[in-house]
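First the structure, in the form of structure tokens, and then the observations on it.
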Amino acid sequence: MDMQKTEMPEQVQTLNVELLGKPIHIIRNKLEELLINSCQQLSLELQAWLKTQQVLVELDHVSLTDLPQTNVNATSVSVLKHSDDGMLYVSMEPTMLMRLSDQFYGTSMERSGGELTNSDLRLLQRIAKCASQWIAPETAWKQNEFEVIPGIGITATLSIHVRNQQALLAVTLDSALIQTLIDELELTPNPHMASDFNHALHKTPVRLNVQLSKTVLPLTQVLKLKADDILPIELLNNAPVNIGKETLFTGRVAEQEGQLVLILNDDKETNR
């Protein structure tokens, strides 16, 4: 017996319900729009710093992220603190930062490893200072030690192409900085989003699978089965009802007006 309304996709994207209707998504969209328009500016800055026209900066993506990020190397992060509240983190993979730094300072040998130098970090700070001014004036920022408060952040990833090399630059806003921008823009949550979501959720179709019978056969007999063979089966006294792999409750199969029906057992209430 297969009680079905419509097929549901097996894989769905994880949704943080707490963020529904929150202005953080507006900030994310505004940041994406801002960075698209600012990539040309950073390209021109890097062309002047590296003394080459073969520099192109492109925005890869902007996404919400959990802080702290496990894949961030704290030694290659420049941190700026906003005068109102919040942190801006600008980071680059150390090896790529070294290569950019070698070109910036005109060194004759290109490094492929080792620890970052103060010169490398000064270049990263210079890039971070440029990126921070896309978000707020220069007077709103000051250099800060690396520290991360857990929460939801926004990370923008940019690709820096220099000649035949590529470096990824990550610009991350922490939750306090996002709130500062929300306050400055006087954004407010959509008060109707939660109720609209709940209303839509209650109308979401789900597929219920009811197991009516099961049997055990020797493998040798299974291998001999062919079309039109008849297997004796018995209906289960308590048929489990599942959504996917999750058992919700059990029921008893009966006949009502010439149609098979399922009468739910008392365990439906206890499993809610």
Practice item. Please give the per residue accessible area of the range 39-137, computed with a probe of 1.4 Å over protein heavy atoms only, in Å². Key: 51
Exercise for review: Pop out the carbon and sulfur fraction of the accessible area of the range 53-94 as a percent, whole number, probe 1.4 Å.
Suggested key: 44
Review point. Considering the alpha-carbon set of the range 9-162 alone, what are its Rg and its Dmax in angstrom?
Key: 16.8, 56
Study note, to complete from the structure: Too long for a 28 Å Cα-Cα cut-off, among LYS30/LYS51; LYS30/LYS203; LYS203/LYS245; LYS224/LYS245, are LYS30/LYS51; LYS30/LYS203; LYS224/LYS245
Check your understanding: For labels at ALA254 and THR95 in the simple 7 Å Cα→Cβ model, what's the distance in nm?
Key -> 7.0
**Study point:** Which of PHE249, PHE146 is most accessible, then next, and so on - probe 1.4 Å
**Key:** PHE146, PHE249
Review point. Counting other Cβ atoms within 10 Å of each Cβ, which GluC sites (Glu not before Pro) in the range 108-169 have at most 16 and sit in a DSSP loop?
Key: GLU110, GLU115, GLU145, GLU147
Check your understanding: Each residue of the range 84-97 in turn: what ³J(HN,Hα) in whole Hz from Karplus with 6.51, -1.76, 1.60 and θ = phi - 60°, glycine and Pro shown as x?
Key -> 7, 4, x, 10, 10, 10, 10, 9, 8, 4, x, 4, 5, 5
Study note, to complete from the structure: trypsin sites (Lys or Arg not before Pro) in the range 216-252 lying in a DSSP loop, each with at most 12 other Cβ atoms within 10 Å of its Cβ, come to LYS224, LYS226, LYS245
Practice item. Return, for the Cα atoms of the range 58-146, the radius of gyration and Dmax in Å, separated by a comma. Key: 14.0, 43
Review point. So how do GLU234, GLU45 rank on accessible area, 1.4 Å probe, biggest first, that is with the largest at the start?
Key: GLU234, GLU45
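The values are calculated or read from the model by the stated rules, or taken from the named source; none is laboratory data. Every value quoted in this text rests on a predicted model; they were computed, and no experiment measured them. FYI the Cβ positions are ideal-geometry reconstructions off the backbone, even for glycines, and counts take in every protein chain you see. Note: areas computed on protein heavy atoms with side chains; ligands, DNA, RNA excluded. Shrake-Rupley method; radii C 1.70, N 1.55, O 1.52, S 1.80 Å.
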